[in-house]
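Q: Quick one: the structure is below, and I'll ask about it shortly.
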Amino acid sequence: MATIRIERKHKLTHAKARAAADSLAKDLRKRFELQYAWDGDDVLFERPGVTGHMHVGKGSIALDVTLGFLLSALKTSIEREIHAQLDRVAPLDKA
């Protein structure tokens, strides 16, 4: 198994950061059939071979993803796509 950890600082209001995280989660659900649910300020998500969560904090968004054996080989590509999606949904500063 492989893990991905991404943290980005942001200057958004908490509501706008949550909206950006929700937009990202909806896009991932549509494109990759990823199921997600909110638990407070955390988005919990999963699909076969992928589990993780995204925490929306006051000044940062942190994303932790665990990839199953088959998807571990695609870690670099998946990580690149996550960065691209974060760049798309909100003007976040890399931490």
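Read-outs: derived from the displayed coordinates by stated rules, not from any lab. None of the values given here were measured: they were computed from a predicted structure. No Cβ is skipped: glycine too gets one built from the backbone with ideal geometry, and neighbour counts run over all protein chains shown.
Q: Tell me the angle of helix 75-89 to the major Cα principal axis of the chain, expressed in degrees between 0 and 90 and rounded to the nearest ten.
A: 20
Q: In addition: Convex hull volume of the Cα atoms in the stretch 1-47, per residue, in Å³?
A: On the way: hull volume 4.2 nm³, N = 47.
So the per-residue Cα hull volume is 90 Å³.
Q: Just to be sure I understand, if you calculate semi-axes √(5λ) of the Cα gyration tensor in Å for this structure, which of (1) 21, 14, 11; (2) 29, 11, 10; (3) 21, 18, 11 do you get?
A: Read-out taken from this structure: (1).
Q: If you don't mind, there's one more thing I want to ask. For the stretch 1-42 and the stretch 66-88, write down the distance between their C-alpha centroids in whole Å.
A: Taking the Cα centre of the stretch 66-88 as reference, the centre of the stretch 1-42 is 14 Å away.
Q: Nearest 20 debye, what's the magnitude of the dipole of the stretch 25-67 about its Cα centre given +1 on Lys and Arg Cβ and -1 on Asp and Glu Cβ? Can you show the working numbers first?
A: On the way: 6 positive and 7 negative charges, 47 e Å.
Dipole size: approximately 220 debye.
Q: For the chain, with the dipole built from +1 on Lys and Arg beta-carbon atoms and -1 on Asp and Glu ones, taken about the Cα centre, which of Q35, T13, S72 lies farthest toward the positive end?
A: Sorting the options by dipole projection puts first T13.
Q: Please give the charge dipole size of the chain, origin at the Cα centre, charges +1 on K and R Cβ atoms and -1 on D and E Cβ atoms. Round to the nearest 20 debye. Please report the intermediate quantities before stating the final value.
A: On the way: 16 positive and 13 negative charges, 64 e Å.
Once rounded to the nearest 20, the dipole reads 300 debye.
Q: Work out, step by step, the length gained on full extension between H53 and D39: first 0.36 nm times the residue separation, then minus their alpha carbon distance; give nm to one decimal.
A: Numbers: separation 14, 0.36 × 14 = 5.04 nm, distance 0.98 nm.
Going from the current span to full extension adds 4.1 nm.
Q: Would you work out the relative contact order for the chain, in percent, from Cα pairs under 8 angstrom that are 6 or more residues apart?
A: Numbers: 147 pairs, mean separation 38.0, N = 95.
The normalised contact order for the chain reaches 40 percent.
Q: In addition: As an exercise, use a Förster radius of 22 Å and the Cβ-Cβ distance of E81 and H14 to find the FRET efficiency, rounded to the nearest 0.05. List each step's numbers first, then the result.
A: Numbers: r = 26 Å, r/R0 = 1.16.
Result of the calculation: an efficiency of 0.30.
Q: Mind counting lysine pairs for me in the chain? Cα separation below 13 Å, and the two need to be 8 or more apart along the chain or on different chains. Intermediate results must be reported in sequence, preceding the final value.
A: On the way: K9/K58; K9/K94; K11/K58; K11/K94; K16/K58.
Pairs that pass both the separation and distance tests number 5.
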